[in-house]
Amino acid sequence: MSAPLIDRVRERLAMQSSPLRPSVVAAAIRAESGGVLGDAEVLTNLRELQTELIGAGILDPLLSGPGVTDVLVTAPDAVWVDDGNGLRRTSVRFADDAAVRRLAQRLALTAGRRLDEAQPWVDGNLSGFGAGQPGGPLSVRLHAVLPPVAAGGTCLSLRVLRPANQDLDALIGAGAIEPDAAGILRDVISARLAFVVSGGTGAGKTTLLAALLAAVPEDERIVCVEDAAELAPDHPHLVKLVARCANVEGAGEVTVRDLVRQALRMRPDRIVIGEVRGAEVVDLLTALNTGHDGGAGTVHANNPAEVPARFEALAALGGLDRAALHSQLAAAIQVVLHVARDRAGRRRLSEVGLLRRSSDGSVRVSTCWHCESGYGPGADALHDLMRARGRP
């Protein structure tokens, strides 16, 4: 189909209130083409137009694939997918950069955001993709950047937000958690130690956090705050609060920091932040220092030793200086659980660390267990802490 015909059909459909059923789209194609197209041509154009108007277009099959976490478009002929075994290039191709741009702008509009020359990037959440798939509808995190900011052409990134609902036994069976480390994790939960799960993008932080929350006793109330709904642990008393972006007029935003403050008023036994990525870290540390034991969250870090520095950077956004941050951190969080991919690309728990305050007042991480070397120098201190919390 020519671009003018696509635009005319899109405009006609936009004026109709009926759902985009194939018969409706086909009728619009016939009307805008002057009725000169045969059935075969209408069918061909219908398939092409569906990629322009419905779902994620030609990316839909990739998003619905088993285990897919990311679909990335870096050029019309460079579409990449990560299905748990690292990124690989696919055979999917767009006609040109204009086709990528149209898809990015349509997805942005679906997410209630704008994407144009005045606002050349977008970050939003989408829902309802792949409704006919066996796993049900998908939630997708959208990010896109337009030229000339993206020098090589429109750049589109789609992260599939699959519900994280596996339990510890499932992760142990899959080899993501070593049996001796599983005992440590269960003790961390029983002793109500506050912990953070650290790791890189796509390393499995949310999956491990959900499994640990499923192991929390059923009589405890968990209030979970997320930027996008991912956590779905099998727990009977879970309250989920999800942040909201501003609409195209710039109104209606609800931040993670807003929701952390609301969570404090909801009688939580445990406060959880799906991902600590901004000034909300100040409110989280304050909450964990006011009688809310057993809190948790995830944070991006390359290794456990970098977690204190990561918290420093985030706390600065909330106006907390370095000395105050380390004082709060030492009292609020005890354990770091680091996840990473092994050489084969499989996600697994690689290290358990203990946050300890050093003689100069700063917080450092001492290794308690490592997947390759076993128990480390911090193991005894962790055992002592657990015994002090009533855990043999």
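Sort the following peptides by mean Cβ neighbour count (other Cβ atoms within 10 Å, averaged over residues), highest first: 87-99, 259-271.
259-271, 87-99
Give me the Å³ per residue figure for the convex hull around the C-alpha atoms of the stretch 285-385.
In the stretch 285-385, the Cα hull volume divided by residue count equals 109 Å³.
Please report the relative contact order for the chain, taking Cα pairs under 8 Å with a sequence separation of at least 6, and give it as a percent rounded to a whole number.
So the answer I get is 12 percent.
Order these peptides, 114-120, 303-309, by their mean beta-carbon neighbour count within 10 angstrom, highest first.
Going by the mean number of other Cβ atoms within 10 Å, highest first, we get 303-309, 114-120.
Could the peptides 233-242, 283-292 be put in order, highest first, of the mean number of other beta-carbon atoms found within 10 Å of their residues?
283-292, 233-242
To the nearest 20 debye, what charge dipole does the chain have about its Cα centre, counting +1 at the Cβ of each Lys and Arg and -1 at the Cβ of each Asp and Glu?
Result for the chain is approximately 200 debye, rounded to the nearest 20.
So for Ser358, Ser327, fewest C-beta neighbours within 10 Å to most, what's the order?
Fewest-to-most ranking of Ser358, Ser327: Ser358, Ser327.
Could you give each residue of the stretch 68-76 its phi-based ³J(HN,Hα) in whole Hz, using Karplus coefficients 6.51, -1.76, 1.60 with θ = phi - 60°, and x for Gly or Pro?
Listing the rounded values in order: 6, 10, 9, 10, 10, 10, 10, 6, x Hz.
What residue among Val71, Val122, Val254 has the largest mean-square fluctuation in a Gaussian network model of the chain, using Cα springs under 10 Å?
Val254
With runs of 4+ DSSP H residues as the only contributors, calculate the mean residue ellipticity of the chain at 222 nm using -39,500 (n - 2.57) per run, divided by the residue total and rounded to the nearest 500.
Computed mean residue ellipticity for the chain: -10000 deg cm²/dmol.
Read-outs: derived from the displayed coordinates by stated rules, not from any lab. Computed from a predicted structure; not experimentally measured. Reconstructed Cβ throughout: ideal geometry from the backbone, glycine too, with neighbour counts over all protein chains shown.
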